[in-house]
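Here the structure is laid out as structure tokens; the discussion comes afterwards.
The values are calculated or read from the model by the stated rules, or taken from the named source; none is laboratory data. Only a predicted model underlies this, so the values are computations on that prediction, with no experimental measurement involved. No Cβ is skipped: glycine too gets one built from the backbone with ideal geometry, and neighbour counts run over all protein chains shown. Please note that ligands, DNA and RNA were not included when accessible areas were found on the heavy atoms of the full protein model with its side chains. Shrake-Rupley method; radii C 1.70, N 1.55, O 1.52, S 1.80 Å.
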Amino acid sequence: MDHQNFAAGIADIEAAAKRLSGQLVPTRLMESESLNDRYNARIFFKPECLQRTGSFKFRGAYNRISQFTPEEKERGIVAFSSGNHAQGVASSARIFGIKAVIIMPSDAPQVKVDNTRSYGAEVVFFDRYTESRDVIAAPFIEERGMVLVPPYDDPSIIAGQGTIGLEIADEAKERGITLDDVFVPSGGGGLISGVSIAVKARSPQTRIWGVEPENFDDLRRSLVAGEIRSNETGYRSICDAILTAQPGDLTFPINRQNLAGGIAVSDIAVRKAMREAASHLKLVVEPGGSVGLAALASGEVDIKGKTVAVVLSGGNVDLDSFSKLIGS
């Protein structure tokens with residue numbers, strides 16, 4: 001597969017689902033009567049916070065690494081990540097017996113750092129506000145010959161994440177559910193581009209919405225502009241898992257074609273969503289994983305009387321931080 005000049009399609013997502021067979025924790029759609037009543041809609045949640053390594057990222061990482069040649073396995077893996085991709089890569093690397101170096105921001109949540117190391121990966125830190133992760137990664141690629149497994153801008157990563165969309169659409173069909181809207185967290189766009197390909201292939205009329213934190217809404221602004229837009233620097237958000245500078249070169253054209261639009265949510269709305277998920281679904285969902293639920297309360301999309309799905313993309317948050325975030 002030419003990883004530079006190829007964007008994933010539905011056949012690639014179906015192939016990824018076969019590779020992942022037997023490796024995944026089943027994350028069947030969940031429903032809360034109280035949340036349905038609150039939003040006057042039928043809402044199905046895809047709890048990827050319960051997935052292996054605590055987020056959806058295992059899917060893409062495993063799909064990419066499972067296709068390594070023997071020579072690539074010998075060279076080892078380098079990846080950069082705030083934590084969820086790190087854990088997906090580290091876990092997959094351990095399954096295949098491959099050395100992994102993960103470049104993580106120095107302010108990554110400790111639980112994500114600890115989990116990444118627990119899978120046997122070496123962690124190298126960088127300052128996400130003053131240093132370039134690409135520059136930090138360069139010696140590992142150029143001098144040590146390690147294979148870069150990127151977080152989102154790779155067709156095998158996109159295809160792996162797209163298996164979530166396949167599962168949502170297939171389970172909806174199996175249960176006789178027609179989805180009007182699907183809300184998906186968006187950082188670099190690997191998850192939402194893969195989900196959008198799969199859902200649109202199975203259910204073309206379903207609208208897909210990308211959800212991002214305020215001031216990190218590069219996808220939303222890029223969709224409006226019709227071309228890639230970057231975020232301004234100097235902002236902060238609790239949604240560490242989905243803070244990216246701009247949409248991916250591979251992911252954005254897919255999202256421009258498939259998405260109905262983008263929604264930006266505040267950190268306050270995210271904290272409320274985390275509390276709702278804990279209270280009504282009994283799930284620990286990290287800030288970045290909760291933005292889809294936060295979007296429902298924003299009112300930007302009228303969901304009254306509709307049937308919608310929300311991807312809860314991850315649950316990797318330490319419990320002290322979690323209790324502080326949902327307690328205020």
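Results, tabulated for the structure shown:
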item	result
Region 100-132, residues that are charged (D, E, K, R) and open to solvent by 20 Å² or more (accessible area, probe 1.4 Å)	D107, D114, R117, E122, D127, R128, E131
Close pairs (8 angstrom Cβ cut-off, 6 or more residues apart or separate chains): outside any helix (DSSP H, G or I) and among the β-branched types (V, I, T) in region 1-29, exposed (fewer than 12 other Cβ atoms within 10 Å of the Cβ) and modelled with pLDDT of 95 or more anywhere	none
Of all residues in region 226-251 being buried (at least 23 other Cβ atoms within 10 Å of the Cβ) and not β-branched (V, I, T), the one that is farthest from L319 (Cα to Cα)	L250
Pairs, first in contact (Cβ under 8 Å) with a residue 60 or more places away in the chain in region 298-316, second assigned to a loop (DSSP other than H, G, I, E, B) and open to solvent by 50 Å² or more (accessible area, probe 1.4 Å), C-beta under 7 Å, six or more apart	K304/N40; G305/N40; K306/D180; T307/T178; T307/D180; V308/D180; G315/V284
Pick from region 133-161, criterion over 30 Å from S21 (Cα atoms) and of a type in the set (V, I, T), ranking: most open to solvent (accessible area, probe 1.4 Å)	V135
Output for region 253-295, where each listed residue is within 24 Å of G194 (Cα to Cα), open to solvent by 10 Å² or more (accessible area, probe 1.4 Å) and in a helix (DSSP H, G or I)	P253, I254, R256, Q257, N258
Inter-residue pairs, beta-carbon under 6 Å, first β-branched (V, I, T) and in region 63-78, second surrounded by 24 or more Cβ atoms within 10 Å (Cβ to Cβ), 6+ apart	I65/S92; I77/A93; I77/A100; I77/V149
Residue match in region 174-190 (condition: within 25 Å of I103 (Cα to Cα), among the aliphatic types (A, V, I, L, M), under 12 Å from the mean Cα position of the chain (by Cα) and not in a loop (DSSP other than H, G, I, E, B))	no
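The rows are residues; the columns are (1) touching a Pro at 6+ places or on another chain (Cβ under 9 Å); (2) under 15 Å from P287 (Cα atoms); (3) of a type in the set (D, E); (4) at pLDDT 95 or above.
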| site | (1), (2), (3), (4) |
| --- | --- |
| V211 | yes, yes, no, yes |
| G226 | no, no, no, yes |
| R236 | no, yes, no, no |
| I242 | yes, yes, no, no |
| A245 | no, no, no, no |
| F252 | no, no, no, yes |
